[in-house]
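The values are calculated or read from the model by the stated rules, or taken from the named source; none is laboratory data. Keep in mind that what you see is a predicted model, and the values were worked out from it rather than measured. Note that each Cβ is placed from the backbone with ideal geometry, even for glycine, and that neighbours are counted across all protein chains shown. Accessible surface is based on the protein model in full, side chains and every heavy atom, while ligands, DNA and RNA are left aside. Shrake-Rupley method; radii C 1.70, N 1.55, O 1.52, S 1.80 Å.
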Amino acid sequence: MKAPTGRRRFLKSAAAIGAAVPVTAFAQEKHSHGHLAQVGTVKGKSQPQVYTWLTQPEIAFIEAAVARLIPADELGPGAKEAGVSYFIDQQLAGAYGTMARNYRQGPWGEGTPQQGYQSRLMPQEIYRAAIAEANLFCNKNYGKSFNALTPEQQDQILLELEAGKIALESVASNIFFNILLANTMEGFFADPIYGGNRDKAGWKLVGFPGVAATYTQFIEKHNVPYNAEPVSIADMQQQMVSVDEHGHPKHVLLTRKD
(Lines give C-alpha, C1' and ligand atoms only; values in the text may rest on other atoms or scores of the structure.)
Protein backbone atom coordinates (compact mmCIF):
# COMPACT_ATOMS: atom_id res chain seq x y z
CA MET A 1 0.00 0.00 0.00
CA LYS A 2 1.28 3.41 -0.91
CA ALA A 3 0.32 6.41 1.17
CA PRO A 4 -3.00 7.77 -0.14
CA THR A 5 -2.48 10.49 -2.76
CA GLY A 6 -5.94 10.46 -4.33
CA ARG A 7 -8.61 8.11 -5.54
CA ARG A 8 -7.40 7.95 -9.13
CA ARG A 9 -4.15 6.23 -8.09
CA PHE A 10 -6.10 3.66 -6.11
CA LEU A 11 -8.41 2.94 -9.02
CA LYS A 12 -5.47 2.47 -11.36
CA SER A 13 -4.10 -0.11 -8.93
CA ALA A 14 -7.49 -1.82 -8.70
CA ALA A 15 -7.83 -1.92 -12.48
CA ALA A 16 -4.44 -3.60 -12.73
CA ILE A 17 -5.70 -6.69 -10.90
CA GLY A 18 -8.86 -7.09 -12.98
CA ALA A 19 -11.91 -5.29 -14.21
CA ALA A 20 -14.25 -7.08 -11.82
CA VAL A 21 -13.74 -7.28 -8.06
CA PRO A 22 -14.89 -10.63 -6.60
CA VAL A 23 -17.64 -10.59 -4.02
CA THR A 24 -17.56 -12.80 -0.96
CA ALA A 25 -20.61 -14.86 -0.02
CA PHE A 26 -23.31 -12.81 1.67
CA ALA A 27 -24.79 -14.03 4.94
CA GLN A 28 -28.39 -15.13 4.54
CA GLU A 29 -29.13 -15.54 8.22
CA LYS A 30 -28.94 -12.72 10.79
CA HIS A 31 -27.88 -12.77 14.42
CA SER A 32 -29.67 -11.00 17.23
CA HIS A 33 -26.72 -9.35 19.02
CA GLY A 34 -26.52 -6.08 17.10
CA HIS A 35 -24.01 -3.48 18.30
CA LEU A 36 -24.37 -0.33 16.27
CA ALA A 37 -26.61 0.85 13.47
CA GLN A 38 -25.91 2.61 10.21
CA VAL A 39 -28.62 3.90 7.92
CA GLY A 40 -29.29 2.40 4.51
CA THR A 41 -32.06 3.13 2.01
CA VAL A 42 -34.90 0.87 0.92
CA LYS A 43 -37.46 2.25 -1.51
CA GLY A 44 -36.15 5.73 -0.79
CA LYS A 45 -36.71 5.43 2.98
CA SER A 46 -34.01 5.28 5.65
CA GLN A 47 -33.58 1.85 7.21
CA PRO A 48 -31.28 0.90 10.12
CA GLN A 49 -28.44 -1.49 9.34
CA VAL A 50 -27.57 -3.30 12.57
CA TYR A 51 -24.10 -4.75 13.02
CA THR A 52 -24.29 -8.43 13.90
CA TRP A 53 -20.68 -9.58 14.44
CA LEU A 54 -18.23 -6.75 15.00
CA THR A 55 -17.90 -5.08 18.39
CA GLN A 56 -17.78 -1.29 18.64
CA PRO A 57 -13.95 -1.16 19.05
CA GLU A 58 -13.63 -3.40 15.98
CA ILE A 59 -16.00 -1.17 14.01
CA ALA A 60 -13.94 1.89 15.01
CA PHE A 61 -10.73 0.19 13.83
CA ILE A 62 -12.19 -0.94 10.51
CA GLU A 63 -13.85 2.41 9.76
CA ALA A 64 -10.56 4.21 10.41
CA ALA A 65 -8.61 1.71 8.28
CA VAL A 66 -10.94 1.67 5.28
CA ALA A 67 -11.07 5.48 5.37
CA ARG A 68 -7.32 5.44 4.67
CA LEU A 69 -7.43 2.60 2.12
CA ILE A 70 -10.12 4.32 0.01
CA PRO A 71 -10.36 7.89 1.27
CA ALA A 72 -13.08 10.38 0.50
CA ASP A 73 -11.83 13.13 -1.79
CA GLU A 74 -12.97 15.64 -4.38
CA LEU A 75 -14.32 12.77 -6.49
CA GLY A 76 -16.80 11.62 -3.87
CA PRO A 77 -17.31 9.39 -0.81
CA GLY A 78 -14.70 6.92 0.38
CA ALA A 79 -15.02 3.43 1.84
CA LYS A 80 -16.17 4.64 5.26
CA GLU A 81 -18.96 6.75 3.80
CA ALA A 82 -19.94 3.89 1.48
CA GLY A 83 -20.63 1.60 4.46
CA VAL A 84 -17.75 -0.81 3.89
CA SER A 85 -17.47 -1.61 7.61
CA TYR A 86 -21.09 -2.79 7.59
CA PHE A 87 -20.40 -4.91 4.49
CA ILE A 88 -17.46 -6.54 6.31
CA ASP A 89 -19.62 -7.15 9.38
CA GLN A 90 -22.25 -8.92 7.29
CA GLN A 91 -19.64 -11.08 5.59
CA LEU A 92 -18.10 -12.08 8.91
CA ALA A 93 -21.53 -12.92 10.34
CA GLY A 94 -22.21 -15.41 7.57
CA ALA A 95 -20.66 -18.20 5.54
CA TYR A 96 -17.54 -16.22 4.58
CA GLY A 97 -16.71 -15.46 8.21
CA THR A 98 -16.85 -19.11 9.25
CA MET A 99 -15.33 -20.52 6.04
CA ALA A 100 -18.50 -22.58 5.65
CA ARG A 101 -17.70 -23.32 2.01
CA ASN A 102 -13.98 -23.99 2.48
CA TYR A 103 -12.04 -27.17 3.14
CA ARG A 104 -10.81 -26.92 6.73
CA GLN A 105 -9.11 -30.22 7.54
CA GLY A 106 -5.51 -29.16 6.90
CA PRO A 107 -2.60 -29.73 6.53
CA TRP A 108 -1.64 -26.23 7.60
CA GLY A 109 1.86 -25.89 6.19
CA GLU A 110 3.16 -22.65 4.72
CA GLY A 111 1.65 -22.32 1.26
CA THR A 112 2.98 -20.73 -1.90
CA PRO A 113 1.45 -17.54 -3.32
CA GLN A 114 -0.23 -19.69 -5.98
CA GLN A 115 -1.97 -21.77 -3.30
CA GLY A 116 -3.70 -18.77 -1.78
CA TYR A 117 -5.07 -18.61 1.75
CA GLN A 118 -3.71 -21.40 3.95
CA SER A 119 -4.43 -20.35 7.55
CA ARG A 120 -6.38 -22.56 9.93
CA LEU A 121 -8.06 -19.42 11.28
CA MET A 122 -11.47 -18.38 10.00
CA PRO A 123 -11.91 -14.76 8.85
CA GLN A 124 -13.96 -14.13 12.00
CA GLU A 125 -11.01 -15.25 14.12
CA ILE A 126 -8.48 -13.29 12.07
CA TYR A 127 -10.36 -10.00 12.37
CA ARG A 128 -11.09 -10.46 16.08
CA ALA A 129 -7.52 -11.36 17.03
CA ALA A 130 -5.67 -9.07 14.62
CA ILE A 131 -7.65 -5.93 15.50
CA ALA A 132 -7.16 -6.48 19.23
CA GLU A 133 -3.43 -7.14 18.77
CA ALA A 134 -2.96 -4.22 16.38
CA ASN A 135 -4.65 -1.93 18.90
CA LEU A 136 -2.32 -3.24 21.62
CA PHE A 137 0.63 -2.35 19.37
CA CYS A 138 -0.77 1.14 18.79
CA ASN A 139 -1.43 1.72 22.47
CA LYS A 140 2.07 0.56 23.36
CA ASN A 141 3.81 2.72 20.77
CA TYR A 142 1.48 5.71 20.46
CA GLY A 143 -0.61 5.66 23.63
CA LYS A 144 -3.84 5.43 21.59
CA SER A 145 -5.92 2.88 19.72
CA PHE A 146 -5.62 2.83 15.93
CA ASN A 147 -8.80 4.83 15.32
CA ALA A 148 -7.53 7.67 17.54
CA LEU A 149 -4.23 8.09 15.70
CA THR A 150 -3.58 10.83 13.17
CA PRO A 151 -4.14 9.92 9.50
CA GLU A 152 -0.37 9.95 8.98
CA GLN A 153 0.17 7.53 11.86
CA GLN A 154 -2.62 5.29 10.58
CA ASP A 155 -0.99 5.20 7.15
CA GLN A 156 2.30 4.17 8.73
CA ILE A 157 0.63 1.38 10.72
CA LEU A 158 -1.10 0.09 7.59
CA LEU A 159 2.16 0.16 5.65
CA GLU A 160 3.87 -1.84 8.38
CA LEU A 161 0.99 -4.33 8.55
CA GLU A 162 1.19 -4.79 4.78
CA ALA A 163 4.93 -5.38 4.94
CA GLY A 164 4.59 -7.86 7.81
CA LYS A 165 6.71 -5.64 10.08
CA ILE A 166 4.27 -5.64 13.00
CA ALA A 167 4.47 -8.91 14.92
CA LEU A 168 0.93 -9.95 15.77
CA GLU A 169 0.65 -12.99 18.01
CA SER A 170 -2.21 -14.82 16.29
CA VAL A 171 -1.69 -14.18 12.58
CA ALA A 172 0.92 -12.67 10.28
CA SER A 173 0.14 -8.98 9.91
CA ASN A 174 0.40 -9.06 6.12
CA ILE A 175 -2.25 -11.80 5.98
CA PHE A 176 -4.61 -9.61 7.99
CA PHE A 177 -3.83 -6.56 5.87
CA ASN A 178 -4.42 -8.43 2.60
CA ILE A 179 -7.78 -9.74 3.80
CA LEU A 180 -8.80 -6.28 5.03
CA LEU A 181 -7.78 -4.66 1.73
CA ALA A 182 -9.61 -7.29 -0.34
CA ASN A 183 -12.77 -6.96 1.75
CA THR A 184 -12.56 -3.17 1.53
CA MET A 185 -12.45 -3.30 -2.25
CA GLU A 186 -15.28 -5.82 -2.33
CA GLY A 187 -17.45 -3.69 -0.06
CA PHE A 188 -16.79 -0.54 -2.07
CA PHE A 189 -17.65 -2.09 -5.45
CA ALA A 190 -20.11 -4.92 -4.67
CA ASP A 191 -23.83 -4.52 -5.29
CA PRO A 192 -25.33 -2.43 -2.45
CA ILE A 193 -27.60 -5.34 -1.52
CA TYR A 194 -24.59 -6.79 0.34
CA GLY A 195 -24.41 -3.81 2.69
CA GLY A 196 -21.62 -1.67 1.20
CA ASN A 197 -21.34 0.62 -1.83
CA ARG A 198 -23.92 2.86 -0.18
CA ASP A 199 -25.75 5.06 -2.68
CA LYS A 200 -23.70 3.18 -5.32
CA ALA A 201 -20.74 5.42 -4.53
CA GLY A 202 -18.19 2.97 -5.94
CA TRP A 203 -20.13 2.41 -9.14
CA LYS A 204 -20.69 6.11 -9.71
CA LEU A 205 -16.99 6.76 -9.22
CA VAL A 206 -15.90 4.38 -11.98
CA GLY A 207 -18.96 4.69 -14.21
CA PHE A 208 -20.21 1.11 -13.73
CA PRO A 209 -23.90 0.78 -14.75
CA GLY A 210 -24.75 -2.12 -12.45
CA VAL A 211 -27.30 -4.72 -13.54
CA ALA A 212 -26.78 -5.40 -17.25
CA ALA A 213 -29.20 -3.92 -19.75
CA THR A 214 -29.72 -4.71 -23.44
CA TYR A 215 -26.85 -3.07 -25.32
CA THR A 216 -27.64 -4.08 -28.91
CA GLN A 217 -28.25 -0.48 -30.00
CA PHE A 218 -24.76 0.45 -28.80
CA ILE A 219 -22.75 -2.32 -30.51
CA GLU A 220 -21.76 -0.16 -33.48
CA LYS A 221 -20.94 2.89 -31.36
CA HIS A 222 -17.17 2.57 -30.96
CA ASN A 223 -15.12 4.63 -28.48
CA VAL A 224 -18.29 6.18 -27.07
CA PRO A 225 -18.53 6.13 -23.24
CA TYR A 226 -21.55 4.33 -21.81
CA ASN A 227 -22.51 6.52 -18.89
CA ALA A 228 -25.68 5.51 -17.09
CA GLU A 229 -27.34 5.91 -13.73
CA PRO A 230 -26.31 2.64 -12.02
CA VAL A 231 -29.00 0.06 -11.28
CA SER A 232 -28.65 -2.33 -8.33
CA ILE A 233 -30.24 -5.69 -7.58
CA ALA A 234 -32.39 -4.00 -4.93
CA ASP A 235 -33.58 -1.46 -7.52
CA MET A 236 -34.79 -4.36 -9.65
CA GLN A 237 -36.39 -6.22 -6.73
CA GLN A 238 -38.18 -3.10 -5.51
CA GLN A 239 -39.31 -2.19 -9.04
CA MET A 240 -37.62 1.20 -8.86
CA VAL A 241 -36.50 1.09 -12.50
CA SER A 242 -38.28 0.50 -15.78
CA VAL A 243 -37.57 -2.78 -17.55
CA ASP A 244 -37.87 -3.88 -21.17
CA GLU A 245 -39.89 -6.84 -22.48
CA HIS A 246 -37.05 -9.20 -21.50
CA GLY A 247 -36.85 -7.95 -17.92
CA HIS A 248 -33.62 -6.03 -18.41
CA PRO A 249 -33.39 -2.56 -16.83
CA LYS A 250 -33.72 0.50 -19.02
CA HIS A 251 -30.63 2.49 -18.15
CA VAL A 252 -30.94 6.26 -17.88
CA LEU A 253 -27.96 7.68 -19.74
CA LEU A 254 -26.01 10.54 -18.18
CA THR A 255 -23.55 13.17 -19.27
CA ARG A 256 -20.41 12.27 -17.34
CA LYS A 257 -17.91 14.96 -16.38
CA ASP A 258 -14.33 13.81 -15.88
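For residue 255, the solvent-accessible surface computed with a 1.4 Å probe is close to 130 Å², ligands and nucleic acids excluded.
How large is the accessible surface of residue 224 in square angstrom, using a 1.4 angstrom probe and rounding to the nearest 10? Its heavy atoms expose roughly 90 Å² to the probe. Ordered by 1.4 Å accessible area with all protein chains kept, 246, 251 run largest first as 246, 251.
With kT/(6 pi eta Rh) evaluated at 25 °C and eta = 0.890 mPa s, and Rh the Kirkwood radius from Cα pairs, segment 161-258 diffuses with a coefficient of 154 µm²/s according to Stokes-Einstein.
Considering Cα pairs under 8 angstrom that are at least six residues apart, work out the relative contact order of segment 91-157 and quote it in whole percent. Present the calculation step by step, with values, prior to reporting the outcome.
Numbers: 37 pairs, mean separation 14.6, N = 67.
Contact order relative to length: 22 percent.
A simple spin-label model places pseudo-atoms 7 Å from Cα toward Cβ; at residue 220 and residue 193 they are separated by 3.5 nm.
Please arrange 120, 68 by accessible surface area, largest first, computed with a 1.4 Å probe and ligands excluded.
Values: 120 140, 68 50 Å².
From most accessible down to least: 120, 68.
Site pair residue 208 and residue 98 shows an inter-label distance of 2.8 nm when each label is modelled 7 Å from Cα along Cα→Cβ.
Ordering of 57-64, 159-166, 100-107 by packing is 57-64, 159-166, 100-107, highest average first (other Cβ atoms within 10 Å, averaged per residue).
Which sequence of 170, 232 reflects their accessible areas, 1.4 Å probe, from the largest down?
On the way: 170 55, 232 5 Å².
Heavy-atom accessible area, descending, gives 170, 232.
Extension gain for residue 152 to residue 233 (0.36 nm times residue separation, less C-alpha to C-alpha distance): 25.4 nm.
For segment 197-246, the orientation-averaged shadow of the C-alpha convex hull comes to 4.1 nm² (one quarter of the hull surface).
Taking only the Cα atoms of segment 98-204, the radius of gyration and Dmax are 15.7, 43 Å. Near residue 243, the amide H atoms lying under 5 Å from its own belong to 250; only residues 5 or more places off or on other chains count, and H is placed 1.01 Å from N.
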